[in-house]
Amino acid sequence: MIGRGTGRRADNRRTDDSSARGVQRALIAAAFVNRVGNGLFNAAAILYFTLVVHLPATQVGAGLTIAGLCGLAAGIPAGNLADRYGPRTVWLVALAVQTAAMTAFVLIDGWLVFTLVATVDRLAATASNAAGGALIARVGGEHPAAFRARLRTYVNLGVVVGTLGAAVALQVNTRPAYTVLILANAASFACAALIGLLRVPHFGPLPRPKEHRQWSVLADRPYVSFVALYSAMGLQYQTISLLVPIWLAGHTDAPRWTVAAVYALNSGVCVLLQSRLGSRVETMHQGGRAFRRAGLLFLVSCPLFALMADVPAWCAPALAVLAVCLHSIGEVWESSAGYALGFGLAPDHAQGQYQGFLSIGFDAGQALAPLVLTGAVLALGHTGWLLLGVFFAGLGAAGPPVSAWAERSRHAKDAGLTEQQPHLTGSG
């Protein structure tokens, strides 16, 4: 059973479904509050740094790139700490650091300080992702896929709520308005930490086999292959947030409100369908199939986005709605596959290390996404869109073979341990 409060220790095994519900609700509440703050900040961050702090856009981009690259270094070390001392402790410390770093953004007055604060923020964010992933794995209960799907539904909803709130500050467009957004995001980290402190119990480390190493994940070739696929498929997120708005504004006759409609529709479809579809993807086999299904949907949506440049202004919004709906359904399948394989392929005793490595791969892919999407896809126009769709479909097709390979490797390892067990027992 899982005790509540800060002073009661949870059993080291995964909780049963009934006793996990309270902790699951607490994690969902923490994630929702945190993502509302993220939505507030992300929608206005660039404008704050350029218009209020008066940093050139090129300096902001350089600082964020440096911070993002430095942040990757925290993934596996933070995951190892979570596996060794318990994920809750590392997660709470990371949230506290993010609270301080976000508050410091209101005090910055130059590029160097901005870059240092952003670097601390990204290091803490990567650590939070690693430890938070391990924590999610520990409270999944008997139906982890349903819990993770519900969690992501509220994550998406939180971003929507935060973005809508940011619209008010953007309209006011004053330093105090932007400061309120930043401090609200800092408060969201503090609130998430408080919820975790009061409602999420401590999970002690699980027993580790003798062959466990701090970098064991790098020797797990099936998992490394999955991370490579998942990170490359992550280009689809910035396809919606970056590539489609540029394409709509510069290459089509669609009204400008179509850009806002794309954001709203993408978030709405994900919120509505994540629990319904995601709860069906629990096993490694199901994860591989969901990954393939996502690739096929992206294969269809990308040419539709390209066609928006060839239709009249009155038709372009309708085509955008169709393309975004298909792409968003693909996103739901892709994220569900990522949960099923990202958690399912990781050994219980090393969830932190594995989630840290997954975070490194995904963040690296997101860092490269603008260069790939604007430098290659956008430059090639219609051909670029078609190649992007084929690229996604190819990644998706690799999902089932990789998941099957990983599942075979796990079974072979388990069988080897079973054969050794009588010998180990007898020798004692």
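The values are calculated or read from the model by the stated rules, or taken from the named source; none is laboratory data. Note that the structure is a prediction, hence the values are computed from the model and not measured. Cβ coordinates were reconstructed from backbone atoms using ideal geometry, including for glycine residues, and neighbour counts include every protein chain displayed. Ligands, DNA and RNA are stripped out before the accessible areas are found, and what is left, the full protein with its side chains, is counted by its heavy atoms. Shrake-Rupley method; radii C 1.70, N 1.55, O 1.52, S 1.80 Å.
General remarks:
- Residues located in segment 107-127, provided they are assigned to a helix (DSSP H, G or I), touching a residue at least 40 places away in the same chain (Cβ under 8 Å) and open to solvent by less than 30 Å² (accessible area, probe 1.4 Å): 114, 115, 118, 119, 121, 124, 125, 126, 127
- One residue from 44, 100, 78 being small (Gly, Ala, Ser) and more than 23 Å from residue 178 (Cβ to Cβ): 78
- The criterion of being within 27 Å of residue 376 (Cβ to Cβ), in a helix (DSSP H, G or I) and either open to solvent by less than 10 Å² (accessible area, probe 1.4 Å) or touching a residue at least 40 places away in the same chain (Cβ under 8 Å) (or both) does not hold for residue 271.
- Every condition in (1) assigned to a loop (DSSP other than H, G, I, E, B); (2) open to solvent by 30 Å² or more (accessible area, probe 1.4 Å); (3) modelled with pLDDT under 85 is met by residue 18 except one, and the failing one is (1).
- The sole residue among 71, 61 that is in a helix (DSSP H, G or I) and either surrounded by fewer than 21 Cβ atoms within 10 Å (Cβ to Cβ) or touching a His at 6+ places or on another chain (Cβ under 9 Å) (or both) is 61.
- From the list 264, 254, the one residue that fits, being part of a helix (DSSP H, G or I) and of a type in the set (A, V, I, L, M), is 264.
- Residue 294, sole failed condition from (1) buried (at least 23 other Cβ atoms within 10 Å of the Cβ); (2) part of a loop (DSSP other than H, G, I, E, B); (3) among the aliphatic types (A, V, I, L, M): (2)
- Filter result (open to solvent by 70 Å² or more (accessible area, probe 1.4 Å) and modelled with pLDDT of 70 or more) within segment 392-428: 401, 405, 408, 411
- Test result for residue 130, hydrophobic (A, V, I, L, M, F, W, C) and either surrounded by fewer than 22 Cβ atoms within 10 Å (Cβ to Cβ) or on the phi > 0 side of the Ramachandran plot (or both): no
- Residue 208 under 21 Å from residue 136 (Cα atoms), open to solvent by 30 Å² or more (accessible area, probe 1.4 Å), modelled with pLDDT of 85 or more and of a type in the set (D, E, K, R): no
- Segment 153-204: number of residues that are buried (at least 20 other Cβ atoms within 10 Å of the Cβ), closer than 26 Å to residue 135 by Cα and more than 22 Å from the chain's Cα centre (by Cα): 2
- Residue match in segment 95-117 (condition: out of contact with any Asp or Glu (no Cβ under 8 Å at 6 or more places or on another chain), under 17 Å from residue 353 (Cβ atoms) and aliphatic (A, V, I, L, M)): no
Matching residues to (1) more than 20 Å from the chain's Cα centre (by Cα); (2) in contact (Cβ under 8 Å) with a residue 24 or more places away in the chain; (3) farther than 13 Å from residue 230 by Cβ; (4) buried (at least 24 other Cβ atoms within 10 Å of the Cβ):
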position: 288; (1), (2), (3), (4): no, yes, no, yes
position: 305; (1), (2), (3), (4): yes, yes, yes, yes
position: 313; (1), (2), (3), (4): yes, yes, yes, no
position: 316; (1), (2), (3), (4): yes, yes, yes, no
position: 327; (1), (2), (3), (4): no, yes, yes, yes
position: 339; (1), (2), (3), (4): no, yes, no, yes
position: 342; (1), (2), (3), (4): no, yes, no, yes
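- Members of segment 344-364 that are buried (at least 24 other Cβ atoms within 10 Å of the Cβ) and closer than 23 Å to residue 68 by Cβ: 352, 353, 354, 355, 356, 357, 358, 359
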